[in-house]
Amino acid sequence: MKIMLNQILDQKGISQNQLSKDTGISINTLRNLNHNRTSRISFDTLEKICNCLDCGVGDILSL
């Protein structure tokens, strides 16, 4: 599974720092997600990202 967060952020013109501020998710967590250095993502984190970026889970996760 691949996390496509970086592409969505680029499309929306939002930085990782801004996403961190808007969602309360730590910048380290977002960096790890962007570089696919994580083995899991919580539903809470995924929901916060999707709500903030106005996108679906399928836009962020890819097989």
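Data for the structure
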read-out: Cα-centre dipole for the chain with unit charges at Cβ (Lys and Arg positive, Asp and Glu negative), debye to 20; value: 260
read-out: Scattering curve values for the chain, log₁₀ I(q)/I(0), Debye with Cα scatterers, q = 0.15, 0.21, 0.24 Å⁻¹; value: -0.36, -0.77, -1.06
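None of the figures in this text is laboratory data; all of them are computed from the coordinates on show. Computed from a prediction, not measured in an experiment: that's the story for all the values here. Counting neighbours? That spans all protein chains shown, and the Cβs are built from the backbone with ideal geometry, glycine included.
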